[in-house]
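Heads up: the structure comes next, in structure tokens.
The values are calculated or read from the model by the stated rules, or taken from the named source; none is laboratory data. What you see is a predicted model, and the numbers here were worked out from it, not measured in a lab. Every residue, glycine among them, receives a Cβ derived from its backbone with ideal geometry; neighbour counts consider all protein chains shown.
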């Protein structure tokens, strides 16, 4: 049995932050020393590596569960379903609800329960829970929905990915320019035709790699050492992603029985434009082919990296014809893939 996405929705915050808005930041090295070059040089190098020109931040009165609710409402409307018929609400995030200016994460009650409350769902058998799986969380939620439906435990699920990363970044770390806020949601149910999920892969590499993304101190030694921020070992993540993600994508595609020439789109976590291009290029090299033009829709240039929200948002933009020179047709094969904290890697093949 396959599962099919019958509705999608996303919420893109209204506050736009351009690269030039970081020109007055005091960026520091890890040891607290100042950079030897200007912010203009930092910003220029950042753009050339990541492809990011601007990103979106949530309004100060909104948290991750609010963004998720907005996306979920759109997905429910798009699917034209009664929310009372949902069996599961699976909410992927990493940091809970972090209020503007706060130093604590709020996860009680779960963010999924908060979304269920906001949707005014009365049905107690609609089970709502959160998952923490790094940036690949939405894909992992899709795999769990697939398992529930195949096991006869559910008929219809809501899978959400949402985050407000702008509230957990260190303003003195140039990596802070990567992160953004957003939410994406999907309604999935059993597929009665040939469309839906055809195969999947999922893995956790934590023997040596678990701390490639972590919570650490500000690069400014004068700030409170007990307040932590999202940090990463960028070079190690890049090397890890290039060595593990293409292989996971290939294993997944081979398992599906779909030929490489049948893949029409690859929706990959919007982490870093250069890294994503390198991953997909290496994936095609495994089949002795060149990466086709237009195979990899991108949103990172304008939306930044919103973690678990990037792929469901990208999918929603794609199916609603909001990505220039990109479209899907009935029967097209899509390969979804992600990598993130954990270190986790996952993928699934999907027939539209």
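Remarks
- Looking only at region 256-278, and only at residues there that are part of a helix (DSSP H, G or I) and in contact (Cβ under 8 Å) with a residue 60 or more places away in the chain, the one that is farthest from the chain's Cα centre (by Cα): 262
- Test: residue in region 298-317 that is in contact with a helix residue (DSSP H, G or I) (Cβ under 6 Å, 6 or more places away or on another chain), without any contact (Cβ under 8 Å) to a residue 60 or more places away in the chain and either surrounded by fewer than 22 Cβ atoms within 10 Å (Cβ to Cβ) or closer than 20 Å to residue 181 by Cα (or both): yes
- Residue match in region 134-148 (condition: surrounded by fewer than 23 Cβ atoms within 10 Å (Cβ to Cβ), over 21 Å from the mean Cα position of the chain (by Cα), in the same structural domain as residue 10 (by TED's automatic domain parsing) and within 30 Å of residue 333 (Cβ to Cβ)): yes
- Look at (1) touching a residue at least 60 places away in the same chain (Cβ under 8 Å); (2) assigned to a loop (DSSP other than H, G, I, E, B); (3) touching a strand residue (DSSP E or B) at 6+ places or on another chain (Cβ under 9 Å) and you find that residue 189 fails only one, number (2).
- Elements of type helices (runs of 4 or more DSSP H) contained in region 20-125, each with 1 or more residues being surrounded by 16 or more Cβ atoms within 10 Å (Cβ to Cβ), in contact with a strand residue (DSSP E or B) (Cβ under 6 Å, 6 or more places away or on another chain) and in contact (Cβ under 8 Å) with a residue 60 or more places away in the chain: 64-79
- Selection within region 203-243 - surrounded by 17 or more Cβ atoms within 10 Å (Cβ to Cβ) and over 19 Å from the mean Cα position of the chain (by Cα): 209, 217, 218, 219
- Within the span defined as region 316-338, every residue fails to be under 20 Å from residue 248 (Cα atoms), more than 14 Å from the chain's Cα centre (by Cα), in a helix (DSSP H, G or I) and not assigned by TED's automatic domain parsing to the domain that holds residue 48.
- Which listed residue is under 20 Å from residue 348 (Cβ atoms) and modelled with pLDDT under 95, from 191, 186: 191
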